[in-house]
1. Being of a type outside the set (Ser, Thr, Tyr) and open to solvent by 60 Å² or more (accessible area, probe 1.4 Å) is true for just one of GLU10, GLU17. Which residue is that?
2. Taking GLN65, is it among the polar types (S, T, N, Q) and farther than 17 Å from CYS133 by Cβ?
3. Tell me which residues, restricted to the range 123-161, are farther than 21 Å from ALA96 by Cα and either polar (S, T, N, Q) or modelled with pLDDT under 90 (or both).
4. Filter the range 86-120 for residues that are in contact with a helix residue (DSSP H, G or I) (Cβ under 7 Å, 6 or more places away or on another chain) and farther than 30 Å from ALA22 by Cβ and give the result.
Amino acid sequence: ICPEGVNMGELFRASREARVEAGIQPAAFHEFWLRELDFASHDGFLAAAPAGKETCSYAFFPGCQLTASLPEHTLKTAAWLEREYGAGVILGCCGAPAWWAGDRTLREENEGQLTAAWEALGKPTLVLACASCLEQFTRNLPDIPVVSLYQLLAQQKDGSFTPPYASCAIFDPCAARLDDTMRRSV
């Protein structure tokens, strides 16, 4: 713990950004994640309103890893959100890999694409399933309203999304450690 209140994480991130701008940041440190962002922002990108509509009040943004790791859960959640909230969907990457890598240009390009898709859908509230996505949108795209999927699930009254088991273990990612609203909802 720094007795002077220096945010070491921000210092390291700013250092990476300066090295990228100077052309001396080794690509290998972040290459895999940047390729993931590239796929999610191009070949894997989709922004769509619910069937028969051009805009929506909510859009599900599951993030790149939930979509890649658990597509069946992503589809079930998207269907539930469409049924309950008339939600559309934006499949893409929040830009965290570019943020972590210190690549400001790539991050801004990704944010521009996300903003354009959000505007085309009528500026809906984004329903985020990922704590890192929530952190990225809150910090880097503050004009886009967001809500955690877990907040909406916690409000459900009919029990239709209740898991079929009595107890479970939940991984608490670093990005959620300061988000009391998300943690209480989970």
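The values are calculated or read from the model by the stated rules, or taken from the named source; none is laboratory data. Because the structure is a prediction, the values reported are computed rather than measured. Cβ atoms come from the backbone with ideal geometry, glycine included; neighbour counts cover every protein chain shown. Side chains are part of the model used for accessible areas, which takes the heavy atoms of the whole protein and leaves out ligands, DNA and RNA. Shrake-Rupley method; radii C 1.70, N 1.55, O 1.52, S 1.80 Å.
1. Exactly one of GLU10, GLU17 is of a type outside the set (Ser, Thr, Tyr) and open to solvent by 60 Å² or more (accessible area, probe 1.4 Å), namely GLU10.
2. On the way: among the polar types (S, T, N, Q): yes; farther than 17 Å from CYS133 by Cβ: no.
Taking the combined requirement at face value, the residue does not satisfy it.
3. GLN151, LEU153, ALA154, GLN155, GLN156, LYS157, ASP158, GLY159, SER160, PHE161
4. ALA87, VAL89, ILE90, LEU91
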